[in-house]
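Undergrad: Let me give you the structure first, and then I'll get to my questions.
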Number of protein chains: 6
Amino acid sequence: MPVVVTDIARPDPAAVAALERHGVATVHEAQGRLGLMAASLRPIFRPVSIAGPAITCEVPPGDNWAIHVAVEQCQAGDVLVVSPTSPCEDGYFGDLLATSLQARGVKGLIINAGVRDIAALTEMRFPVWSEAVYARGCIRETPGNVNVQVMCAGAVVNPGDVIVADDDGVCVVPLAKAAEVAAKADARAASEELRRVRFQNGELGLDIYDMRQKLAEKGMVYIRQKDV
Amino acid sequence: MPVVVTDIARPDPAAVAALERHGVATVHEAQGRLGLMAASLRPIFRPVSIAGPAITCEVPPGDNWAIHVAVEQCQAGDVLVVSPTSPCEDGYFGDLLATSLQARGVKGLIINAGVRDIAALTEMRFPVWSEAVYARGCIRETPGNVNVQVMCAGAVVNPGDVIVADDDGVCVVPLAKAAEVAAKADARAASEELRRVRFQNGELGLDIYDMRQKLAEKGMVYIRQKDV
Amino acid sequence: MPVVVTDIARPDPAAVAALERHGVATVHEAQGRLGLMAASLRPIFRPVSIAGPAITCEVPPGDNWAIHVAVEQCQAGDVLVVSPTSPCEDGYFGDLLATSLQARGVKGLIINAGVRDIAALTEMRFPVWSEAVYARGCIRETPGNVNVQVMCAGAVVNPGDVIVADDDGVCVVPLAKAAEVAAKADARAASEELRRVRFQNGELGLDIYDMRQKLAEKGMVYIRQKDV
Amino acid sequence: MPVVVTDIARPDPAAVAALERHGVATVHEAQGRLGLMAASLRPIFRPVSIAGPAITCEVPPGDNWAIHVAVEQCQAGDVLVVSPTSPCEDGYFGDLLATSLQARGVKGLIINAGVRDIAALTEMRFPVWSEAVYARGCIRETPGNVNVQVMCAGAVVNPGDVIVADDDGVCVVPLAKAAEVAAKADARAASEELRRVRFQNGELGLDIYDMRQKLAEKGMVYIRQKDV
Amino acid sequence: MPVVVTDIARPDPAAVAALERHGVATVHEAQGRLGLMAASLRPIFRPVSIAGPAITCEVPPGDNWAIHVAVEQCQAGDVLVVSPTSPCEDGYFGDLLATSLQARGVKGLIINAGVRDIAALTEMRFPVWSEAVYARGCIRETPGNVNVQVMCAGAVVNPGDVIVADDDGVCVVPLAKAAEVAAKADARAASEELRRVRFQNGELGLDIYDMRQKLAEKGMVYIRQKDV
Amino acid sequence: MPVVVTDIARPDPAAVAALERHGVATVHEAQGRLGLMAASLRPIFRPVSIAGPAITCEVPPGDNWAIHVAVEQCQAGDVLVVSPTSPCEDGYFGDLLATSLQARGVKGLIINAGVRDIAALTEMRFPVWSEAVYARGCIRETPGNVNVQVMCAGAVVNPGDVIVADDDGVCVVPLAKAAEVAAKADARAASEELRRVRFQNGELGLDIYDMRQKLAEKGMVYIRQKDV
């Protein structure tokens, strides 16, 4: 029985803003290296960087009916996450659906399948991360589910989880952890900033991270090429 | 015995122009979802959009001799379609062949294999859709065939068929159907344009496509998250 | 026992400059079609073109400790080549390491694995060719080797070999052959330039390469379409 | 901080036995088409069919230390599920670990990575489903986690969930649903058995499933080839 | 509008028998290296070898309704060829459909998608060549077409064409050419048989094919290792 | 200029026999985890296990002429290693060439490309490790090289190097290191044998490898599920 879950909880906008500012690599580290989607999901244009609460949508292979249902559940600032129940590269999404989402203020689409009309999507600056670009459209015969838990590109997504997406890929932060991970990402970014200045000044990671002693203990030896 | 078929029939230029204007996704739908090449064929630069009659060229793996033969059969407005007889990612095509085709007014290349010199091709704005970018060049030992039926990335191409290619991929329209498909694409685009305005105004696909009743018949239920 | 080879020999800068000027496709041909890395290595931005002596770095899967060690061995003009001991798409390299390399004048990175922070790398214009873009970072538990022979994307690289990399991919020229290959590439480019002018003037490859007689000997026949 | 969860709950053995009897395809259907791992996981020998409670093990890329920890948590009848934190095809598991598991009565291994010694594993009849066969061994530097939730080949696995695995692949049934799914699988298998007899007698699916009317309503037409 | 073409023409049984006897590699050569399906199609058990007229079936992604329709069009000796309209690895086919086909004397299945129940199919000795083994079943919402031209794994198949399939893969011989290709395959196999005896006696291909002179003309040189 | 290197040096037969006895996984470890070919090379039948000196053969894509040349350089006990200059899955090798090699006592074939006639090869028990099974044959237009250094599936092979191949894949041992690696493999196998007995007796790797203290130092904690 197809289900649409409505009135979902959403994370604190301040936490979402912080996560968006830091981007995927930092957020993924700050979260203890969890929640990363597979490297096969790529953005259709670059540079690009967004974050927002997930509206999830589970679709059958080759059928995008449920996406129309999901649009109605989207609010300004949300990110739509679409995942087919079995691997499929059909073009589930094109410029009409993007127009509809953009009219509601939706920030972007994550889809573990194909998209089309990417020239128009790029010109509209509507961000999309997808498995494939493929012009084959979908039918509308079988409804899917909206705002249920979905598996997307190797990650679990629940409605309201924060999706962070940029040129490096896509990461999911559980709703309940959004503020905590945002705080950790702030701290991490600050210490990275300090290190960046030292790197710019020509200091080496060997010294910044105090590695020389540990490497010697591991038995690392230096030999001149002419002595090899 | 290698064969070159000359003096091929070409489609009505007005139909070609209409197909080019509508692009791959619309043409593919208008044609009843036929003729799409595989998603693995990607353009070397974007945005890009062309259409034109196919000159076909079948080559052995690693041997591009037949492409030189095919060039002579190309006229202004044509699109060259090259397919190896077995999968091969060698760089069959580079800036010299592109210079030769551009001098004849050829609009682009579709190749189910590799290309090289893509920095130069991009600067020349010579459109190419390929399976791979790979610098390994070809030999010229074994002639192939020109203007025979070829299989290219999962689609059948006959000489004179219209190739439509853009950021979404590549679609083939049989010569005999070019005018009919162009007319259907015109109609489809017009009705899409009307719908786009409605989407921009914030109407939902659920209402535009009159889906609510059908979804209810399929048993779709709405539940508040707190009631799940 | 992890090893760092220091004070490596480097090629003549004039040869490196010539190889950089000609690019991957020409250098690969000039070298007798040897030394090409696999087509799966792609640049993170385009257009891009570099050449320089290789500093090699062999890393365990998921561990980038040795890259910090390798940085110290890099001089201005070098290219860092990183290869994991087994296939791995983790993000071994990001903007901090790039800042460190750029501070030393390193020209770019070739990595048979994943990278991250590609928006920052692109903005810094630090060239990278990689197998994947993936935000998952590495640990620093197990040292690797620096300036030993490595296998990278199907090519053998020794420290000091010239890496030539551009939009078409990556090619390796052994240190001892750099000058000879550079000279051959010069000659090849000169003759290509002459041919380019002929192609621009509308001459055909069939005539420029004197192919018609040979094709006839191979049995190639021309048939009008209406006579098929 | 690496964690080992001990004294996990396990499902009712009768439910496990029923799930094993029905196999992956039937269990997956009975469970509402949930819980299937990706098609890339294949058994090292066939035919093979097992089911049992999952002991889960999360390992870093290229490091199998945690598997030794996990072995101690395994009881007779369990199935060990190993998943690396990023994609890795190293051979995490060979005949010594299999000997250890077999000595404890463990029924098999599901691993989203590589295995080795498959000739010995096959001779021992120790069932393994893996992504790859690859002889490269692992290091033991970084501990992982045992009996935490893991993602394995696109499915979520919690300790104690029932793993059902056979020639068709691998399916996960949550511990809390084991008995319910087993009952549904029983019912499904019974009705399939009735249909099998009808199919053996030459009846058609068109009649067994009463499809002719519905197909006619969908507009299906029959045309003799000579009338096309 | 979904279509079923009935009363198709079938090839001469003697030609089919000859093609089956010679197998894929010989038939493919005898046919001028045409008609081979992609290497990604593999048999579910080996050794296996069949040939027969194709009944074709085009299905939507994830929907196997049309296969039930196709079964009724199959006669003893036929081979069912199923191809989805876009790439899909769902398990379209299992032991019930195989029971139905086997009851009608159908010789096997070629499917450019997934299958399931392969332990049962193997025990029944019902031959299947597929892209994937995957337990996820299909829905029955959208009818496809039966006995229309289909593209399957890179080859064109028309109803009544001869499918030849064995351990090496799958090849298609057009109905109109079946007798001619069978005759060529007979001749080819006879001359191969003569050569096999010479190879068994220790003669070299260099002499059997009279290659030494041609290799010398190509400039091949022999050098002792100690003189390199 | 195509080259055939003759009269190559071969390793000590006793070392080859020892390497064959221990198999790929043990030899790879004994050699310091070097020389492994990619996991994509798979044997056409199992179980299988061979070792022998390499005769190397470099071929153009789609052209197997050089294999006939290489056969003449093969002696009893050798292993033929064939690698195309660019990726190619054509069937370079079938039952006639296998008959020729078997008549000379050659132990098997390693090929970074496709093979065909695998039913016959399996019945002859002629071992082959290949990238693909594909019936498309080759032409004989361009000679390759025999007994030069080749790159094969990510490994460097020189003529006379020992090829060790079994169900787990393929490993290369340099000629000069054959005896040393064989001795290390003997030692490794002996200590493995002792451990196997302990594992059979139910001892845990945690104790056999004395891991408990080290894991505690890494901070590993044990928690009962009910206390999580």
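FYI, it's all coordinate maths here, none of it is from the lab. Please read these numbers as outputs of a predicted model, since none were measured by experiment. Because the Cβ atoms are built from the backbone with ideal geometry, glycine has one as well, and the counts that use them run over all protein chains shown.
Undergrad: Among the listed residues A:Pro84, A:Pro61, A:Pro47, which satisfies the condition of being facing another protein chain (nearest Cβ under 9 Å) and surrounded by fewer than 24 Cβ atoms within 10 Å (Cβ to Cβ)? Spell out the reasoning first.
TA: Numbers: A:Pro84 fails: surrounded by fewer than 24 Cβ atoms within 10 Å (Cβ to Cβ); A:Pro61 fails: surrounded by fewer than 24 Cβ atoms within 10 Å (Cβ to Cβ).
Answer to the selection: A:Pro47.
Undergrad: Applying the selection to the stretch A:84-118, what residues are within 20 Å of the chain's Cα centre (by Cα), β-branched (Val, Ile, Thr) and closer than 15 Å to B:Leu204 by Cβ?
TA: Across the stretch A:84-118, the qualifying residue is only A:Val106.
Undergrad: Turning to a different aspect of this structure: Can you tell me which residues in the stretch E:132-150 are surrounded by 23 or more Cβ atoms within 10 Å (Cβ to Cβ) and basic (Lys, Arg)?
TA: Once the filter is applied, which keeps residues that are surrounded by 23 or more Cβ atoms within 10 Å (Cβ to Cβ) and basic (Lys, Arg), the stretch E:132-150 yields only E:Arg136.
Undergrad: Can you name the residue in the stretch E:151-175 that is under 26 Å from D:Met211 (Cα atoms) and surrounded by fewer than 24 Cβ atoms within 10 Å (Cβ to Cβ) and, of all such residues, is farthest from the other protein chains (Cβ to nearest Cβ)?
TA: E:Asn158
Undergrad: Could you count how many residues in the stretch C:96-131 are facing another protein chain (nearest Cβ under 7 Å), surrounded by fewer than 24 Cβ atoms within 10 Å (Cβ to Cβ) and in a strand (DSSP E or B)?
TA: Summing the residues that are facing another protein chain (nearest Cβ under 7 Å), surrounded by fewer than 24 Cβ atoms within 10 Å (Cβ to Cβ) and in a strand (DSSP E or B) in the stretch C:96-131 gives 0.
Undergrad: Another question, if that's okay. Could you please find all residues in the stretch D:210-221 being more than 7 Å from chain E (Cβ to nearest Cβ) and within 39 Å of the chain's Cα centre (by Cα)?
TA: Selection gives D:Asp210, D:Arg212, D:Gln213, D:Lys214.
Undergrad: A further question on this structure: What number of residues within the stretch F:181-212 are in a helix (DSSP H, G or I), of a type outside the set (A, V, I, L, M, F, W, C) and touching a His at 6+ places or on another chain (Cβ under 8 Å)?
TA: Selection size over the stretch F:181-212: 3.
Undergrad: Another question, if that's okay. Regarding the stretch C:65-78, can at least one residue be identified that is surrounded by 23 or more Cβ atoms within 10 Å (Cβ to Cβ), more than 14 Å from chain D (Cβ to nearest Cβ) and not in a helix (DSSP H, G or I)?
TA: Yes, there is a match, as at least one residue in the stretch C:65-78 is surrounded by 23 or more Cβ atoms within 10 Å (Cβ to Cβ), more than 14 Å from chain D (Cβ to nearest Cβ) and not in a helix (DSSP H, G or I).
Undergrad: Can you report the number of residues in the stretch D:62-76 which are within 23 Å of C:Asn64 (Cα to Cα) and of a type outside the set (A, V, I, L, M, F, W, C)?
TA: 3
Undergrad: Please enumerate the residues belonging to the stretch E:1-34 that are within 14 Å of chain D (Cβ to nearest Cβ) and aliphatic (A, V, I, L, M).
TA: Answer for the stretch E:1-34, where residues must be within 14 Å of chain D (Cβ to nearest Cβ) and aliphatic (A, V, I, L, M): E:Met1, E:Val3, E:Val4, E:Val5, E:Ile8, E:Ala9.
Undergrad: While we're here: Just one of the numbered conditions (1) facing another protein chain (nearest Cβ under 8 Å); (2) closer than 21 Å to A:Ser40 by Cβ is not true of A:Asn147; which one?
TA: Result: A:Asn147 passes all but (2).
Undergrad: Restricting attention to the stretch C:34-65, report how many residues are farther than 30 Å from F:Pro60 by Cβ and not β-branched (Val, Ile, Thr).
TA: 12
Undergrad: In the stretch C:80-110, what residues are closer than 18 Å to F:Ala38 by Cβ and of a type in the set (Val, Ile, Thr)?
TA: Across the stretch C:80-110, the qualifying residue is only C:Thr85.
Undergrad: Taking E:Leu215 as the residue in question, decide whether it is part of a helix (DSSP H, G or I), surrounded by 16 or more Cβ atoms within 10 Å (Cβ to Cβ), without any contact (Cβ under 8 Å) to a residue 12 or more places away in the chain and not basic (Lys, Arg).
TA: Working: part of a helix (DSSP H, G or I): yes; surrounded by 16 or more Cβ atoms within 10 Å (Cβ to Cβ): yes; without any contact (Cβ under 8 Å) to a residue 12 or more places away in the chain: yes; not basic (Lys, Arg): yes.
For E:Leu215, the condition - part of a helix (DSSP H, G or I), surrounded by 16 or more Cβ atoms within 10 Å (Cβ to Cβ), without any contact (Cβ under 8 Å) to a residue 12 or more places away in the chain and not basic (Lys, Arg) - is met.
Undergrad: Filter the stretch B:1-36 down to the residues that are assigned to a loop (DSSP other than H, G, I, E, B), in contact with a strand residue (DSSP E or B) (Cβ under 7 Å, 6 or more places away or on another chain) and under 30 Å from C:Leu206 (Cα atoms) and list them by number.
TA: Selection gives B:Met1, B:Pro2, B:Asp7, B:Arg10, B:Pro11.
Undergrad: Has the stretch D:192-209 got at least one residue that is touching a residue at least 40 places away in the same chain (Cβ under 8 Å), within 27 Å of the chain's Cα centre (by Cα) and crowded, with 24+ Cβ neighbours inside 10 Å?
TA: Taking every residue of the stretch D:192-209 in turn, none turns out to be touching a residue at least 40 places away in the same chain (Cβ under 8 Å), within 27 Å of the chain's Cα centre (by Cα) and crowded, with 24+ Cβ neighbours inside 10 Å.
Undergrad: Next question. Would you mind finding the one in E:Pro43, E:Pro53, E:Pro11, E:Pro60 that is touching a Leu at 6+ places or on another chain (Cβ under 8 Å), in contact (Cβ under 8 Å) with a residue 60 or more places away in the chain and within 20 Å of E:Ser83 (Cα to Cα)? Even if it seems obvious, please write down each step before you answer.
TA: Working: E:Pro43 fails: touching a Leu at 6+ places or on another chain (Cβ under 8 Å); E:Pro11 fails: within 20 Å of E:Ser83 (Cα to Cα); E:Pro60 fails: touching a Leu at 6+ places or on another chain (Cβ under 8 Å).
Every option except E:Pro53 fails the conditions.
Undergrad: Moving to a separate point now. Would you pick out the residues in the stretch F:126-156 that are among the charged types (D, E, K, R) and touching a helix residue (DSSP H, G or I) at 6+ places or on another chain (Cβ under 9 Å)?
TA: Let us first name the residues in the stretch F:126-156 that are among the charged types (D, E, K, R), namely F:131, F:136, F:140-141.
The answer is F:Arg136, F:Arg140, F:Glu141.
Undergrad: Moving on. Can you spot a residue in the stretch F:183-202 that is polar (S, T, N, Q) and touching a Pro at 6+ places or on another chain (Cβ under 8 Å)?
TA: Checked the stretch F:183-202: no residue is polar (S, T, N, Q) and touching a Pro at 6+ places or on another chain (Cβ under 8 Å).
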